[in-house]
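Here the structure comes first, spelled out in structure tokens, and everything after it is commentary.
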Amino acid sequence: MTRLRPRPGILEIEPYVGGKAEVAGIARAIKLSANECPLGPSPRAIAALQAAAPEAHRYPDGGAERLRRTIGARFDLDPDRIVCGAGSDELIQLLLRAYAGPGDEVLYSAHGFLMYKLSALGVGATPVAAPERALTADVDALLARLSSRTRMVFLANPNNPTGSYLDADELARLHAGLPEDVLLVIDAAYAEYVRRNDYTAGADLVERADNVVMTRTFSKLFGLAALRLGWLYAKPTLVDVLHRLRGPFNVCTPAQVAGIAALEDLEHQERARSHNDCWLPRLGQQLASLGLEVHPSAANFVLVSFDEDGERSAGKASAWLEERGILARPMVAYGLPHCLRLSVGLEDENRAAVQALREFMGGVRLRNGRISAAWR
Ligand SMILES: Cc1ncc(COP(=O)(O)O)c(C=O)c1O
């Protein structure tokens, strides 16, 4: 038997399992399991990738200079306060390595994005989950769980997998309740999809406070999940810390050039956003009309409740969909075993998913009181 022992916490990690992509015997499954951009990458990003291929023997620009400038121009932010990473996952891990360790607590809401807990365990910190109200982060519950050991608070806004979000006032209230030495990480992976007047992705809070960071990704609206590209916005002291900690070439050249091209392709972004504006409510309404409880979502997916067990359980629904080549995301790992998460897909993919679930539910049968007002 090996005498090697990993650091405390690491063996508690249940490795993250991404959305399934393949179904045996089906040439091309309908993948609604990972909240990707159904339209694919911008054609300009594809061209940039192809153009970069012959330069694969060169190291990337370690400072991602041009990419940071382009992000800054696109979102009206100071490029010197931007740090790029191999997906926002890497940035979440870097933040934890920088600001938490054994004996520290890392706080998040009960159905928050799974990587917060896993990454906290990875640095030996103690993850602490605060209960939610109606599948939405509860500011009072989060603040009530602060302790002298709390070092970081993570909030996905909107949250994956619930789709719920905190408005700007609630976000400010959460921040106001934190001691100055506790870092608030606002994970705005789905910010580009949100169409709500009371929403802020968090850059304004970063400007106002020293203990706030906003993370973003190119994996969702920008359709570049395979390239692993994310970025964060923070005050210079935090940026300096992360530059010391990150790998010198943590973002590869293909990701940098494709990211720049994707940012410059406003038309593609608008197409992706309009598609979501059209299909997010339709998908929600159509699933609700089957008698399913569909939780309101501000992002590019919906969380759907099934029965706890029996013939209409989420597990049975997932298997039913998969037999028909449709992949939804089971939510067992999120403590929501009665739910499935379905990403907005292309029109025919959405229609196929609704039709399959219609058959699963045995025709259109409304169950009174189970349809969220948002989808009526
Ligand atoms: C809330 C949230 N944050 C971060 C990520 C990770 O994104 P990335 O692909 O940039 O690592 C995801 C991916 O699903 C997410 O849902």
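Charges on Cβ only, +1 for Lys and Arg, -1 for Asp and Glu, centred on the Cα centroid of the chain; of A110, V182, T136, which one is farthest towards the dipole's positive end? In the chain, that residue is A110. In the context of the full set of protein chains, residues of the chain present 45 Å² of accessible surface per residue (probe radius 1.4 Å, heavy atoms only).
Only the Cβ atoms of Lys and Arg (+1) and of Asp and Glu (-1) were treated as charged; on that basis the dipole of region 164-258 about its Cα centre amounts to roughly 500 debye. Between A51 and D76, the distance separating the two model label sites (each 7 Å from Cα on the Cα→Cβ line) works out to 2.8 nm. Which whole-number percent of Cα pairs in the chain have a distance greater than 25 Å? Considering the chain, 56 percent of its Cα-Cα pairs are separated by more than 25 Å.
Among the protein heavy atoms of the chain, carbon and sulfur supply 53% of the accessible surface, probe 1.4 Å, non-protein parts ignored. Cα to Cα, under 15 Å, and not fewer than 8 places away if on the same chain: which aspartates and glutamates meet these conditions relative to K20? Partners found: E36, E322, E323. Under 20 Å from a point 7 Å along the Cα-to-Cβ line of L266: which residues of region 40-70 have their amide N that close? Under cut-off, by backbone N: 42-46, 67-70. Summing Cβ point charges (Lys, Arg +1; Asp, Glu -1) relative to the Cα centre of the chain gives a dipole of roughly 620 debye. Across the chain, the longest run free of exposed loop sites, meaning GluC sites (Glu not before Pro) lying outside DSSP classes H, G, I, E and B with no more than 12 other Cβ atoms within 10 Å, spans 23-179.
The modelled label-to-label distance between D167 and S313, using points 7 Å beyond Cα along the C-beta direction, is 3.9 nm.
For region 88-155, the Kirkwood hydrodynamic radius from C-alpha pairs, put into Stokes-Einstein at 10 °C and a viscosity of 1.306 mPa s, yields a diffusion coefficient of 135 µm² per second. Taking trypsin sites (Lys or Arg not before Pro) across region 178-279, the ones in a DSSP loop with at most 13 further Cβ atoms lying within 10 angstrom of their Cβ are R195, R196.
Take every pair of alpha-carbon atoms less than 8 Å apart whose residues are at least six positions apart; their mean separation over the length of region 130-179 yields a relative contact order of 39 percent.
Give the residues of region 169-183 whose amide nitrogen is closer than 16 Å to a point set 7 Å from the Cα of L245 in the direction of its Cβ. Output list for this probe position: 181-183.
The Rg/Rh ratio for region 1-76 is 1.12, where Rg is the radius of gyration of the alpha carbons and Rh is the Kirkwood radius. DSSP assigns beta bridges within the chain; of those with both partners inside it, close to 50 percent run antiparallel.
Among N350, N211, N197, the residue with the largest mean-square fluctuation in a Gaussian network model of the chain, with springs joining Cα atoms closer than 10 Å, is N197.
In region 209-327, the DSSP beta bridges split such that about 90 percent are antiparallel, to the nearest 5.
Residues whose amide H comes within less than 5 Å of that of N35, counting only those at least five positions distant or on another chain, are S343 (H built at 1.01 Å from N in the peptide plane). Among A225, Y199, G325, flag the residue with its Cα farthest along the positive direction of the charge dipole of the chain, charges on Cβ as +1 for Lys/Arg and -1 for Asp/Glu. So the residue we want is G325.
Quick one: grab the alpha carbon gyration tensor of region 186-277, order the square roots of its eigenvalues as a ≥ b ≥ c, and give me rounded if a/c is under 1.5, else prolate or oblate depending on whether a/b is larger than b/c. Note, shape of region 186-277 comes out oblate. For a test of the definition: using alpha carbon positions, the gyration tensor, and the 1.5 limit on a/c, classify region 277-319 as rounded, prolate or oblate. Verdict is prolate for region 277-319. Using only side-chain charges placed at the Cβ, +1 for Lys and Arg and -1 for Asp and Glu, the dipole size of region 39-145 relative to its Cα centre rounds to 280 debye. Taking the DSSP bridge list for region 157-253 and keeping only pairs wholly inside it, about 50 percent are antiparallel.
The values are calculated or read from the model by the stated rules, or taken from the named source; none is laboratory data. Everything numeric here is computed off the predicted structure, so don't read it as measured data. Backbone-built Cβ (ideal geometry, glycine too); neighbour counts: all protein chains shown. Ligands, DNA and RNA are excluded from the accessible area calculation, which covers all protein heavy atoms including side chains. Shrake-Rupley method; radii C 1.70, N 1.55, O 1.52, S 1.80 Å.
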